[in-house]
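Data block below; observations after.
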């Protein structure tokens with residue numbers, strides 16, 4: 001879909017008065033951008049003589065970031081598809097009681113599916129942030145501001161994806177599923193908050209040296 005199109009098309013479509021691409025897709029896209037800054041910083045460091053002892057760690061971080069980027073770009077497009085199904089469900093007829101029931105069930109089913117996409121994005125963004133934390137102490141100091149950009153983007157992407165999860169959960173009637181997802185997002189939020197705080201302090205301290 002968008003991955004093989006010019007970036008301008010995605011931006012124009014996201015800015016248009018249409019339901020998709022929406023916040024969930026944009027959140028995943030921002031997460032993918034975070035991985036690019038991790039990769040760039042690591043690639044400027046790996047293989048350099050003074051950082052040679054970190055090569056295996058750097059290569060592992062690069063490998064994980066490539067995987068995360070692929071996942072997030074896929075989620076960017078998947079969010080458009082699943083939210084399209086939500087829109088279709090809302091457009092179903094509702095003249096009779098039977099139609100209303102069928103429409104309601106379709107909306108619930110589509111919304112649950114749509115919620116799993118930004119939930120996956122939150123977990124992936126949390127992982128990207130953790131990879132960024134692993135990089136900050138071994139990266140070429142000249143790239144520390146780029147590592148900081150990755151940190152801020154990963155955090156922003158997580159928070160944006162979380163918003164999309166929470167707004168969908170408010171409309172789902174399966175309470176056990178809602179509680180399960182709330183627990184997942186709550187645990188992830190604590191991890192992200194701690195890692196982001198540590199990363200921010202570390203990056204700023206290194207920039208001041």
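Every number in this text was worked out from the coordinates using simple rules, so none of it is lab data. Because the structure is a prediction, the values reported are computed rather than measured. Here Cβ is always computed from backbone atoms with ideal geometry, including for glycine, and neighbour counts include all displayed protein chains.
Beta carbons within 10 angstrom, averaged per residue: use that to sort the peptides 139-148, 19-28, highest first.
So the peptides 139-148, 19-28, ranked by packing, come out 19-28, 139-148.
How big is the shadow of the Cα convex hull of region 119-158, averaged over all directions, in nm²?
Averaged projected hull area, Cα only: 2.4 nm².
Can you give the translational diffusion coefficient of region 1-96 in µm²/s, computed by Stokes-Einstein from the Kirkwood radius over Cα pairs at 10 °C and 1.306 mPa s?
For the chosen part, D equals 102 µm²/s.
For the chain, go through all pairs of different Cα atoms, get the mean of 1/r, take its inverse, and jot down that Kirkwood value in Å.
Its Kirkwood hydrodynamic radius stands at 18.4 Å.
Percent of Cα-Cα pairs per 5 Å bin, from 0 to the last occupied bin, for region 83-206, please list those.
Once binned at 5 Å, the Cα pair distances of region 83-206 give 2, 11, 18, 16, 13, 10, 9, 7, 6, 4, 2, 1, 1, 0.
Using a Förster radius of 22 Å, what is the FRET efficiency between residue 176 and residue 104 based on their Cβ-Cβ separation? Nearest 0.05, please.
Computed FRET efficiency for residue 176 and residue 104: 0.75.
Region 78-130 to region 175-209: how many Å between their Cα centroids?
26 Å
So what's the back-of-envelope 222 nm ellipticity for the chain, counting only DSSP H runs of four-plus at -39500 (n - 2.57) apiece and dividing by all residues, rounded to 500?
-28500 deg cm²/dmol
Taking the Cα atoms of region 135-202, what is the range of coordinates along each of the three principal axes, in descending order and whole Å?
51, 16, 14
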